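S.K.: Questions regarding the structure given below will be posed in turn.
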């Protein structure tokens, strides 16, 4: 029988790393996919989600249990991803060739053997989408990812981004308008 | 041509933001009914909505890493957690070695040390300043550079003396 999250959290608060590892195993895939939405790179998504777990472990004593563990952890994870976006904004922009390569890496699955033309088409679509998202201003992109990919409400996004709901609506609208334009060929 | 038609779809300006919120289910009942009524009679807004519904879902990247990736992930996490736990335990053991009653003692000691440092530090700083004798010595030093001048003066004095002696000898003769 699986221990409840609350029990594992209680054990982790007493320094039981095994209990926390169990929590990591439960939520690592969800965490990874959220991080991947922000990073669109396998290794970076892994690092981001792991960083979020480490931050959660360091602050586990501050978790008061008013919400579920995942809800609490989710906020940490999204903040780690937002920090990553800010850092990336300051860092030199990745070249288009590098983006092409990371786009190709995205589609690598050792179990599947896609046909070369399928790989090229899928890679092209993925690259175009990646480039369109990357071209969005950071706040628009964040608002869009949190709503479109993560399904957060406008209110939740406003809390996460520490801004007004009206501002989030404007960011979201502009992001959608830009993506609709740049990805019109896929409509 | 098709692409051009697709990209040229524009919604009514006043409804564009509402349509986005409508798509995401972020409108209240009244606003949603308003949009419903509007799109029923507005072809461009209907197309705009249709385009959003076909474009936006494809922006979600589906990445499904193999099992080996997850095994690595778990192994790395175990190492990182162990390292973190280790560093935290070290600090905790250090902090736990201090009993609560030691806090005021440590605070007092810190204040005393601070006062002593200030006091002796001040003195040490003053000690670094040049003493009075040395200062006067430093004033003399540049004068030694003029030593040659004084020795020349002495020679001149000696010559004056010789001249006066010579004058006296002549007058005596």
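Taken together, the values in this text are just the output of simple stated rules run on the coordinates, not laboratory data. Being a predicted model, the structure only gives us computed values, none of them experimental. Because the Cβ atoms are built from the backbone with ideal geometry, glycine has one as well, and the counts that use them run over all protein chains shown.
S.K.: Using a Förster radius of 30 Å, what is the FRET efficiency between residue A:2 and residue B:50 based on their Cβ-Cβ separation? Nearest 0.05, please.
M.R.: Working from the Cβ atoms, E equals 0.10.
S.K.: Among A:182, B:54, what is the fewest-to-most ranking by other Cβ atoms within 10 Å?
M.R.: In order of increasing Cβ crowding within 10 Å: B:54, A:182.
S.K.: Once you put a point 7 Å from the Cα of residue B:43 and another 7 Å from the Cα of residue B:154, both along the Cβ direction, what distance in nm separates them?
M.R.: 12.1
S.K.: So for A:129, A:145, fewest C-beta neighbours within 10 Å to most, what's the order?
M.R.: Ordered by Cβ neighbours within 10 Å, fewest first: A:129, A:145.
S.K.: Taking every alpha carbon pair in the stretch B:2-58, what does the distance histogram look like in 10 angstrom bins from 0, in percent?
M.R.: In order of increasing distance, the bins hold 23, 56, 19, 2 percent.
S.K.: Cut-off is 10 Å between beta-carbons; in what order do B:12, B:45 appear when sorted fewest neighbours first?
M.R.: Ascending number of Cβ neighbours within 10 Å: B:12, B:45.
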